[in-house]
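Here's the structure, in structure tokens; my notes come after.
The values are calculated or read from the model by the stated rules, or taken from the named source; none is laboratory data. All values reported here derive from a predicted model rather than from experimental measurement. When we count neighbours, we look across all protein chains shown, and the Cβ atoms used for this are built from the backbone with ideal geometry, even at glycine. The accessibility values were calculated without ligands, DNA or RNA, using every heavy atom of the protein model including side chains. Shrake-Rupley method; radii C 1.70, N 1.55, O 1.52, S 1.80 Å.
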Amino acid sequence: MENMYVFYEGKIVLEREVHISVRCKGFNYGLGCFEGIRAYWDETEKQLYVFRLREHYERLLQSCKVLYINIPYTVDELCQATIELLKKNNLQTTTYIRPVAFKGSNHVAPSLLDDDNRIVIYCQPMGNFTGKDELRAAFTSWERLGDNMLPPRTKPTAAYLNSALASLEVVSKGYDEALFLTRNGHVCEGPGENVFMVRNGKIITPPPSDNILEGITRDTVMRLARQELGIEVIERSITRTELYAADEVFFSGTAMEVVAVVEVDDRKIGNGHQGPVCRKLKELFFQVATSKIKTYSDFCTPVY
Ligand SMILES: Cc1ncc(COP(=O)(O)O)c(C=O)c1O
């Protein structure tokens, strides 16, 4: 990726020209937060559509506010910089965009009062994240971080060590993805995606008070289920065995997209294959992401 362009310190520059100190606080203490955004390539229209671009930068600035990382850009400026970056890299494939806001100072102390606030935006092609359409998940013994520890709502870089420990535990045992429980034993989310279950014709997903990231894909899925499929969607706490007993379970996330979970802790979910609700939502999601459904065309920002 050395020859790709990135947005750094207000300019679009070659990635290999960016040098960040080994002493940087963002690196030493994880004083940063980030976003993950996708842009979908439509081969027939030869167009790249960035999915819910504004919402991602609104969430980033909200995270920055909570974490005292005062980057000097508005949502509009960040959207514009991202479009220019994608154009400059001449990307004509589905792409993942990663803005990281962080404390840049080299001073030895994990202080958020430091006023060296920076943002870097880089991008890379990304297809199906796991390469699979059906996942086997397992609960991790690591507990999900709470709002009073390292607020999951803010997508803090440091919190992804919690995600990485969970993934390490379950992936090394042969599962595809981890699931977290909260301290209260409520189903929370995956290391980088939200979780849904279908029971008795209703879709149920954990509420923000169960320490989830309020996913933009989660919001999209909830809207599509309600508005396009007429299915009731309920946000409420879920217990572990309820998930085992569900008719369907699926994940949603920018990298993960919408993907079926067909096994949890070695228990088959439904008939052990992707269920009809997940299949329909996934189809709708990809149509919406490539601006095929007019009602949702404002979710898609064309690059070219
Ligand atoms: C912990 C966590 N939960 C959920 C999500 C899904 O959020 P979104 O759909 O906004 O990508 C992500 C990905 O950003 C995540 O890192």
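Check the range 106-120 and report whether any residue there is surrounded by 19 or more Cβ atoms within 10 Å (Cβ to Cβ), in contact (Cβ under 8 Å) with a residue 60 or more places away in the chain and touching a Ser or Thr at 6+ places or on another chain (Cβ under 6 Å).
So the first thing to find is which residues in the range 106-120 are surrounded by 19 or more Cβ atoms within 10 Å (Cβ to Cβ), and the list is 117-120.
Restricting the remaining residues to those that are in contact (Cβ under 8 Å) with a residue 60 or more places away in the chain gives 118-120.
Those still in the list that are touching a Ser or Thr at 6+ places or on another chain (Cβ under 6 Å) too: none.
No; the residues of the range 106-120 include none that is surrounded by 19 or more Cβ atoms within 10 Å (Cβ to Cβ), in contact (Cβ under 8 Å) with a residue 60 or more places away in the chain and touching a Ser or Thr at 6+ places or on another chain (Cβ under 6 Å).
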key: Condition check for PRO156: open to solvent by less than 20 Å² (accessible area, probe 1.4 Å), under 16 Å from the mean Cα position of the chain (by Cα), at negative phi and at pLDDT below 95   = no
task = Considering only the range 58-80, state which residues are more than 13 Å from VAL100 (Cβ to Cβ) and open to solvent by less than 10 Å² (accessible area, probe 1.4 Å).
result = none
ask   = Restricting attention to the range 27-40, does a residue exist that is under 21 Å from the mean Cα position of the chain (by Cα) and more than 24 Å from ALA158 (Cβ to Cβ)?
value = yes
inquiry  = Being outside any loop (DSSP other than H, G, I, E, B), within 20 Å of THR254 (Cα to Cα) and away from the ligand (no atom under 16 Å from the Cβ) is the filter here; which residues of the range 123-160 pass it?
reply    = PRO125, GLU134, ARG136
inquiry  = Quick test of your reading of the structure: ARG183 fulfils all but one of (1) more than 13 Å from the ligand (Cβ to nearest atom); (2) closer than 20 Å to SER252 by Cα; (3) part of a loop (DSSP other than H, G, I, E, B). Name the failing condition by number.
reply    = (2)
message = Please count how many residues of the range 1-10 are exposed (fewer than 15 other Cβ atoms within 10 Å of the Cβ) and under 27 Å from LEU112 (Cβ atoms).
response = 2
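Got a number for residues in the range 257-268 being open to solvent by less than 10 Å² (accessible area, probe 1.4 Å) and under 27 Å from VAL288 (Cα atoms)? It would help to see each step written out before you state the result.
Within the range 257-268, the subset open to solvent by less than 10 Å² (accessible area, probe 1.4 Å) is 258-261, 264.
Retained after the next criterion (residues that are under 27 Å from VAL288 (Cα atoms)): 258-261.
Matching residues across the range 257-268 total 4.
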message = With in contact (Cβ under 8 Å) with a residue 12 or more places away in the chain, within 26 Å of PRO302 (Cα to Cα) and not hydrophobic (A, V, I, L, M, F, W, C) as the only criterion, which of GLU43, GLU35 stands out?
response = GLU35
task = Look at the range 231-243 and say how many of its residues are surrounded by 16 or more Cβ atoms within 10 Å (Cβ to Cβ) and part of a helix (DSSP H, G or I).
result = 1
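Tally time: how many residues in the range 92-122 are under 15 Å from the mean Cα position of the chain (by Cα) and either β-branched (Val, Ile, Thr) or at pLDDT below 95 (or both)?
Pass one, the range 92-122, residues under 15 Å from the mean Cα position of the chain (by Cα): 95-100.
The next check asks that each one be either β-branched (Val, Ile, Thr) or at pLDDT below 95 (or both); those that pass are 95, 97, 100.
The number of residues fulfilling the criteria is 3.
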inquiry  = As an exercise: evaluate CYS188 against (1) touching a residue at least 60 places away in the same chain (Cβ under 8 Å); (2) within 10 Å of the ligand (Cβ to nearest atom) and give the number of the one condition it does not meet.
reply    = (1)
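Give the residue that is nearest to the ligand (Cβ to nearest atom), with candidates limited to residues of the range 198-208 that are surrounded by fewer than 16 Cβ atoms within 10 Å (Cβ to Cβ) and without any contact (Cβ under 8 Å) to a residue 40 or more places away in the chain. Working first, answer last.
Our first condition is that a residue be surrounded by fewer than 16 Cβ atoms within 10 Å (Cβ to Cβ); within the range 198-208, this holds for 200-202, 207-208.
Going one step further and asking which of them are without any contact (Cβ under 8 Å) to a residue 40 or more places away in the chain, we end up with 201-202, 207.
Working: GLY201: 24, LYS202: 21, PRO207: 14 Å.
That would be PRO207.
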query = Can you name the residue in the range 11-55 that is among the hydroxyl-bearing types (Ser, Thr, Tyr) and crowded, with 16+ Cβ neighbours inside 10 Å and, of all such residues, is farthest from CYS79 (Cα to Cα)?
reply = TYR29
inquiry  = Being touching a Leu at 6+ places or on another chain (Cβ under 9 Å) and either at pLDDT 95 or above or outside the structural domain of LEU181 (by TED's automatic domain parsing) (or both) is true for just one of GLU257, GLU248, GLU242, GLU263. Which residue is that?
reply    = GLU263
key: Some residue of the range 132-151 being open to solvent by 20 Å² or more (accessible area, probe 1.4 Å), within 17 Å of the chain's Cα centre (by Cα) and polar (S, T, N, Q)   = no
inquiry  = Condition first: within 16 Å of the ligand (Cβ to nearest atom), within 24 Å of PHE51 (Cβ to Cβ) and in contact with a Cys (Cβ under 8 Å, 6 or more places away or on another chain). Now tell me which residues in the range 209-248 satisfy that.
reply    = ILE212
